[in-house]
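Peer 1: Following this message is one structure expressed as structure tokens.
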Amino acid sequence: MNLRRLLAMAIKEALQVWRDPRSLAVALLMPVMQMAILGYGVSLDIKHVPLCVYNQENSQQSRAVVDRFVSSGWFSVSHVITRYSGIRRAMDRGECIAAIVIPVNFSRTLAATGSAPVQAIFDATDVNTTNIALGYAQGVVAQADADITAQWDAAHDVQPSLVGQVQLDPTVWFNETLDSRYFIIPGVVAVILALVGAQLTSLTISREWERGTMEQLISTPISALEVMLGKLIPYFLIGLFDAAFCLAAAIFWFGVPFRGDLATLFVTTALFNLVVLGIGYLISVRIRSQLGASQIALMVTMLPTTLLSGYTFPIDQMPAPIQALTYIVYPRYYVTILRGIFLKGSGLSDLAGPMIGLSLYAAGIIWLAARAFRKRL
Amino acid sequence: MFGRIPIMLFKEFIQLRRDRWMMFRLIVPLIIQMIVFGYAATFTVHHVTTAVLDLDQSQASRGLISHFVATSRFDIVDMARNRRQITSDIVHDRAVVALVIHAGFSRDLENGRGAPLQVIVDGTNSNTALIALGYINQITSQFSAEWAARAIPLQVSVAAPATGIRLEPLPWFNEGLNERWFFIPGVIGTLTLLQVVSLTAFAVVREREVGTLEQIMVSPIRPFEFILGKTVPFFLIGFGDIALVTAFGILWFHVPFIGDPLVMLVGASLFLMAAVGMGLLLSTFSHTQQQAFALNFFLLNPFFILSGFAFPIAAMPRFLQWFTMINPLRYFLVVIRAVFLKGVGVNVLWPQLLALALLAVVMLTVSVLRFSKSLE
């Protein structure tokens, strides 16, 4: 290993990045754009579920139930209809996600038997949204129910009894407002860094092959290790810059609570950066055509990081074979680490598991990458 | 003209065949991704790790715990002895939910004061936490109802009858709330978009970078013919992709397909035209394959995230909702899900189909114009 040759390689690569302003702009602007778009886009919390109302009775009592849905703030009435087929039409067109139907004899049944149904129809195509909307609807109806019971008790002069009633006293830790963006945005940072990093290095070797400069590189006395390190250094710096930007945006712009310490954040981020760039480099060495390299890079980064890193879909809910597979998806470690640092304020000792995973990964990738490149035509 | 286009097509297919790995890269990853993502994309909440601190140690408290054990929603991983253990379980990720039953729980149940059950939830994953809280609510109210039913006959004064209103949920289109039915059609659209856009963009830029574009320029071929020759193969590949993964979704994942295959065919054609147009447009903005590659990443990820694949468009801020209007995937996902699950036809889906057609026309026209300019 010769420091002078290493430096020369690094400078050459840095110059190449510098002289290709389009690529440089992409490397620096891409995280900004992605962060801006994705930070706002990744929310699972539907605030105003579009609601279709079919009030068959239209009595004072039935209107009171509808009003409760409206005033809860969880629903916004998009359609008031007078026929069953209207629900089907609105749902087919995706104009409402939920519909409530209050039957003709609602208040009569309620007065006679003390109990009456409210039908809630959901467009269950999107199951998660349905579950959330169902939860809101249950809350609204439970509240209405409690009030009606209280009125009944008062009218009949009955002392309210809580015999056998369990009262929930829930406390939510770490993400007190249950804002889905707080849990997804740290994951978004990991995904963006994984994407940018892979795209930075994945073409660096195949480009030399296709442009014919590889022959020149091989004829120099530089060693394979020096080529690798020299090529990685400039990208490592760009990667760190990108990381700093994304993390700052998450904290200061999107207001994700940051409870950990910066040192832990820095160490883990640098480690992750190493893995990401190493992967790109490895792909680049193994696959000589740029098209092939880019396809593989796209395949191993974009969808796996999005779907298997646990940043949206919880890993522990996946079937066991798929869970096993997620251990290969390196962003999963960083997603876990970032969430821990951000929301829980975890230190290095809490993060030992994913840290070891990431370190092993980095060592393995660098070893493979160093071996893969041969100075041979 | 009709002689030149088939020749151009022929050349493209030869080029595709020459790349030994091409067919392999086209088909195998697609199927693997389909299987993996089909299984991975889930928001279900099952087997939530739960720690329990039972300070009452009564029949009632054990009854409540057994209600939790009886469902597959919660897995009790720790019967804690003290509060510190509970806190540590949550902080160190051993449990997502902690239940604390205070001393005097059964006494409170009997004397009608209402018995508090303290619940601590790790809200890191807000979605899981929200759904788990809903289940806890259901389980405890069921427990309460059973307890009250047993207790009330013993009381002297007749208590209130079961009063009030109840919700009757009726999920349409997906009665079993099977999430795969939602995500598989989404995976089909996403995989196709990624593959078709990147293949098209690269095919053109490679000609430019390798220098064969000059050769094509000196031939009598017109820009329009060149573009047709470049796009038709990828359009066909995209069709093959959609057919393959759709068949997979139906046969392997058993997603019901109740709609009209013809509507699907129309939607898929328009979507593929838009995707090919997008690839071409990207290629006119890049000189090197690296740039094409960067642009691909740059755009495809937002297009994927902002398509409604997992994050509902209704939950996005207004300006992003506007942005999704230029996203072909957004429209195609509506079409493919509606055809799969709702079985609706063109009379309902015409706005989406029209939008796809418009996007296809605009992107293809703009790229032809930009291309003619660069060829002249």
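Any read-out appearing in this document is the output of simple, stated calculations on the displayed coordinates, not a laboratory observation. The shown structure was predicted, so the numbers you read here are calculated from the model rather than taken from an experiment. We place every Cβ from the backbone using ideal geometry, glycine too, and count neighbours over all the protein chains shown.
Peer 1: Checking the condition under 34 Å from the mean Cα position of the chain (by Cα) and facing chain A (nearest Cβ under 8 Å), which residue from B:Thr44, B:Thr71 passes?
Peer 2: Values: B:Thr71 fails: facing chain A (nearest Cβ under 8 Å).
Being under 34 Å from the mean Cα position of the chain (by Cα) and facing chain A (nearest Cβ under 8 Å) holds for just one of B:Thr44, B:Thr71, which is B:Thr44.
Peer 1: Out of all the residues in the range B:201-237, which are among the polar types (S, T, N, Q) and either closer than 14 Å to B:Ser283 by Cα or touching a helix residue (DSSP H, G or I) at 6+ places or on another chain (Cβ under 7 Å) (or both)?
Peer 2: B:Thr231
Peer 1: Taking the residues in the range A:24-38 that are surrounded by 14 or more Cβ atoms within 10 Å (Cβ to Cβ) and out of contact with any helix residue (DSSP H, G or I) (no Cβ under 6 Å at 6 or more places or on another chain) as candidates, determine which candidate is nearest to the other protein chains (Cβ to nearest Cβ).
Peer 2: A:Met33
Peer 1: With the range A:153-261 as the region, which helices (runs of 4 or more DSSP H) entirely inside it contain at least 1 residues that are more than 29 Å from A:Asn128 (Cβ to Cβ) and aromatic (Phe, Trp, Tyr)?
Peer 2: Helices (runs of 4 or more DSSP H) meeting the threshold: A:204-211, A:224-248.
Peer 1: Also, quick follow-up: Can you tell me which of (1) crowded, with 16+ Cβ neighbours inside 10 Å; (2) over 30 Å from B:Phe74 (Cβ atoms); (3) under 21 Å from the mean Cα position of the chain (by Cα) is the one B:Ile31 doesn't meet?
Peer 2: Failed condition: (1).
Peer 1: Search the range A:62-91 for residues being crowded, with 19+ Cβ neighbours inside 10 Å and more than 8 Å from every other protein chain (Cβ to nearest Cβ), and hand back the single one that is farthest from A:Ser115 (Cα to Cα).
Peer 2: Residue satisfying both the conditions and the ranking: A:Ala90.
Peer 1: Testing A:Gln216 on (1) farther than 30 Å from B:Arg25 by Cα; (2) buried (at least 17 other Cβ atoms within 10 Å of the Cβ); (3) not hydroxyl-bearing (Ser, Thr, Tyr), one condition comes back false. Which one is that?
Peer 2: Result: A:Gln216 fails condition (2) only.
Peer 1: Mind listing whichever residues of the range B:100-109 are out of contact with any Gly (no Cβ under 8 Å at 6 or more places or on another chain) and either closer than 19 Å to A:Ala137 by Cβ or touching a residue at least 12 places away in the same chain (Cβ under 8 Å) (or both)? Reasoning before the result, please.
Peer 2: Of the residues in the range B:100-109, the ones out of contact with any Gly (no Cβ under 8 Å at 6 or more places or on another chain) are B:100-107.
B:Val100, B:Ile101, B:His102, B:Ala103, B:Gly104, B:Phe105, B:Ser106, listed by residue number.
Peer 1: Same structure again: Mind checking whether some residue in the range B:274-290 is buried (at least 23 other Cβ atoms within 10 Å of the Cβ), within 14 Å of chain A (Cβ to nearest Cβ), closer than 24 Å to A:Ile37 by Cα and without any contact (Cβ under 8 Å) to a residue 12 or more places away in the chain?
Peer 2: Yes; the residues of the range B:274-290 include at least one that is buried (at least 23 other Cβ atoms within 10 Å of the Cβ), within 14 Å of chain A (Cβ to nearest Cβ), closer than 24 Å to A:Ile37 by Cα and without any contact (Cβ under 8 Å) to a residue 12 or more places away in the chain.
Peer 1: Something else about it: Mind listing just one residue for me: the one in the range A:327-377 that is surrounded by fewer than 20 Cβ atoms within 10 Å (Cβ to Cβ) and of a type in the set (S, T, N, Q) and, of those, farthest from the chain's Cα centre (by Cα)?
Peer 2: A:Ser349
Peer 1: Taking the range A:57-105 on its own, how many of its residues are β-branched (Val, Ile, Thr) and closer than 23 Å to B:Pro351 by Cβ? Explain how you work it out, then say what you get.
Peer 2: The first filter runs over the range A:57-105 and keeps only residues β-branched (Val, Ile, Thr), leaving A:65-66, A:70, A:77, A:80-82, A:87, A:97, A:100-102, A:104.
Within this subset, residues satisfying the condition of being closer than 23 Å to B:Pro351 by Cβ are A:77, A:80-81, A:87, A:97.
Count: 5.
Peer 1: I'm trying to understand the selection: among the residues of the range B:323-339, which are facing another protein chain (nearest Cβ under 9 Å) and in contact (Cβ under 8 Å) with a residue 60 or more places away in the chain?
Peer 2: Answer for the range B:323-339, where residues must be facing another protein chain (nearest Cβ under 9 Å) and in contact (Cβ under 8 Å) with a residue 60 or more places away in the chain: B:Arg337, B:Ala338.
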